[in-house]
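The values are calculated or read from the model by the stated rules, or taken from the named source; none is laboratory data. Treat the numbers as computed from the prediction; the structure is a model and nothing was measured. Every residue, glycine among them, receives a Cβ derived from its backbone with ideal geometry; neighbour counts consider all protein chains shown. When the accessible area is computed, the model is the full protein with side chains, heavy atoms only, and any ligands, DNA or RNA have been set aside. Shrake-Rupley method; radii C 1.70, N 1.55, O 1.52, S 1.80 Å.
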Amino acid sequence: MLWRWNLRRLRGWMCWSWLGAGLFLHAADDARLATLTRLVQDDSPKVRLEALRALAKFPTAEAAAAALGVLDKPMDPTLDYALWLTINDLSEPWIAALQSGAWKPDGRERQLEFALKALRPDQASRVLAQVLESRPLQRDGSGPWIELIGAAGTPKELRRLLDQVLNGGFDEAASARGLKALGEASRLRKLTPDGDRTALIKLFDSPSPATRTAALKLAGQWKDLPGATSKLAQIAGASGTDPATQAAAIDALRQIGGKDAVDSLVGLTGPTQNPAVRRQAASALAALDLNRALPAIVEVAKTTTDEAAALEFWRAVLGVKGAGKRVAEALPESGLAPESAKAGLRAAREGGRSELDLALALAKGAGLSTDPAASGAGLIKELAAKASAQGDPSRGEWIYRRSDLACVSCHAIGGAGGKVGPDMTSLGASAPVDYLVESVLLPNAKIKEGYHSLIITTKDGSEYTGTLARESPSDVVLRNAAGAEQVIAKTDIEKREQGTLSLMPSGLLDPLNEQEQLDLIAFLSRLGKPGDFDAAQGGVARQWRITQTVHTDAQAGQEAWPLTAAWDDKRWSPTYALVRGTLPKGLIDEITKAQFWTSRLAIYAGTELTTANAGPVRFKLTAGPGAELWVDGRKIGGAGDTTTELAAGTHRVIVRLDPKQVPEVVKLETKDGAFRLN
Ligand code: HEC
């Protein structure tokens, strides 16, 4: 295969060139360059690709010309990119060759276009004038020239582009492109065409809608076009103008700004205007002069009955800094259109906004409800009803246990779990489902008594947030969102204030799909009700540590290390039993997933029991054949009931399982002591 051979030769050179870059350019290079020039036209795209990159090592016009020659052959995205890189490497020699006439673009249009587009705009700008001199812009705008002028043209080329648009030298599509390119030059490079630009105003009346809106937009971008403001106001206010043109004119007025534009916009919010113009003018005015916009905004809020239009309006208004509060103060106590208020409530809450004042004022003014969560109430009721009908609490429990949701790290059930948030043992039995949904969806809407957060600033400038865990005459102890206690000396405290937000993060349910949300809610709603989700009666081990031993433990003479290893030994995996008090097989398997090359000897699940008095303790172990119960390093029995004598104090209780017969569930109960919790 010839191309393989060529490839090998090329690779040899490339290493070579990296080894001795300085030595590379000597007489032999001419021969190399000639070969590369040939190989860049090779039939194999792989050879062309390597040749292309090798050419980048020759900083000469010849190499650039040879590289561009690859365009005569079929291209693909990789070759395109390689050529782009190579032209960038060889940009200076190529520009010099073009300027001196050594590289002639005639008959190489494609190469010229590719190279100019590959260059940085400041480089392209150095040669663009020369290239354009002999090249009329086509009526249909073919080629990259219009956009190149926008990206790299000087005021002189920009002028030429504008003139050709003004003289009708382009068709409709090319005219709009030309105006857009002029807008890009103004936006990105702050450049405008040489000379008088007022003739652009003529195009505001162009019969072509595309040209018209592009011209209006450009006037807004230029900002300083004499006479534009009054003409724009006239177009926006004329009853015969089509809606898109009116909107573009109003937007241009907003961009131009200044006293005249403000006065014009105020005029456009008047009662004789059509509703869409009034809305757009009011939101444009809000951006320029909020005070003068307020009466118009109120008027729009009273009269807009199209919810989609209202939403667009409110989004535009709330995009203005500080607008929510000021609008809230200006809204009347009654008389707002409900559709408009509903849209406003939505806009006030989306995108991380919390425009509570505005939400309240809107709800009140439209007689919706004085509750700022009014608009969410429908959603909450709906989810609650669906969860009761379609949620599966057993699946929900596994969602509750997911580590990415972190519910378990902040909440406890039956005492097992974190302490940052309230214990949820009897939550479902004591709270309506709506309340649960709201607590989870909008933690900040109602914060449970006793769980308000505190923000403490200390004299050294640190800030602590958390719930109050304890307080003594000398210290305040906060529990932060991670469950850690922070002790702060009272003498260090500079400021102590109550936080307004819940420590429970909002957006926790975002990663869940609807069914998962329903399942989770169904689970919460069953907590404390008789059945599988009642953790109220104690006497069952909930907090466990699980591990396993393998053959290497036996070889090391450590076959039974879990019987004595410290609880914080990294080999233990902490976990909790399900609410019903069981460790299911699936959970045990997941924790003890063995690598296939290890042979497992035993699985150990450990916990602790504290007894107040010395005396007999009766255990009930639910497991299967092969299970063993060990207390303080002593085997006392297996599955079923076992009674043993224990001293008062804390005892280590271990259930040892045969990995070949892991039971469907493991459950350990006793009424004669208290199992460990946290
Ligand atoms: C960073 C800690 C944290 C995490 C994580 C957390 N919560 Fe909370 N949660 C709290 C705190 C603190 C409260 C009490 C303040 C409040 O009402 O907002 C609370 C309150 C609640 C309440 C209301 C309880 C009541 O008795 O009023 C429910 C229900 C709830 N959380 C469910 C969940 C669920 C479900 C998850 C997991 C998706 C979760 N929480 C994750 C801290 C947390």
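Observations on the structure shown:
- Index of the failed condition, ASN480 passing every other in (1) buried (at least 16 other Cβ atoms within 10 Å of the Cβ); (2) in the same structural domain as ILE521 (by TED's automatic domain parsing); (3) within 11 Å of the ligand (Cβ to nearest atom); (4) not acidic (Asp, Glu): (2)
- Criterion: part of a helix (DSSP H, G or I) and either over 23 Å from ASP519 (Cβ atoms) or more than 15 Å from the ligand (Cβ to nearest atom) (or both) - qualifying residue of GLU382, GLU438, GLU397: GLU382
- Residues of segment 183-199 satisfying the condition of being open to solvent by less than 30 Å² (accessible area, probe 1.4 Å) and touching a Leu at 6+ places or on another chain (Cβ under 6 Å): GLY183, ALA185, PRO193
- Here ASP492, ASP553 are screened, and the one residue that is more than 10 Å from the ligand (Cβ to nearest atom) and outside the structural domain of LEU609 (by TED's automatic domain parsing) is ASP492.
- Residue list for segment 216-227, restricted to those being of a type in the set (A, V, I, L, M), part of a helix (DSSP H, G or I) and in contact with a Ser or Thr (Cβ under 8 Å, 6 or more places away or on another chain): LEU216, LEU218
Rundown of residues vs (1) open to solvent by less than 20 Å² (accessible area, probe 1.4 Å); (2) of a type in the set (Ser, Thr, Tyr); (3) assigned to a helix (DSSP H, G or I), yes/no style:
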position: LEU33; (1), (2), (3): no, no, yes
position: GLU50; (1), (2), (3): no, no, yes
position: ALA64; (1), (2), (3): yes, no, yes
position: TRP84; (1), (2), (3): no, no, yes
position: ASN88; (1), (2), (3): no, no, yes
position: LYS104; (1), (2), (3): no, no, no
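- Residues that are more than 7 Å from the ligand (Cβ to nearest atom) and assigned to a loop (DSSP other than H, G, I, E, B) within segment 445-472 comprise ALA445, GLU449, GLY450, HIS452, SER453, LYS459, ASP460, GLY461, SER462, SER472, listed in sequence order.
- Unique residue being at pLDDT below 90, among the polar types (S, T, N, Q) and out of contact with any strand residue (DSSP E or B) (no Cβ under 6 Å at 6 or more places or on another chain) when the list is SER208, SER230, SER239: SER239
- The lone exception for ASP371 - which of (1) open to solvent by 10 Å² or more (accessible area, probe 1.4 Å); (2) at pLDDT 85 or above; (3) of a type in the set (Asp, Glu) it fails: (2)
- Cβ-Cβ under 9 Å pairs, at least 6 apart or on other chains, segment 246-272 side over 19 Å from LEU203 (Cβ atoms), far side open to solvent by less than 60 Å² (accessible area, probe 1.4 Å) and acidic (Asp, Glu): VAL262/ASP289; LEU265/ASP289; VAL266/ASP289
- Note on segment 400-426: among residues that are touching a helix residue (DSSP H, G or I) at 6+ places or on another chain (Cβ under 6 Å) and not in a loop (DSSP other than H, G, I, E, B), the one that is nearest to the ligand (Cβ to nearest atom) is CYS407.
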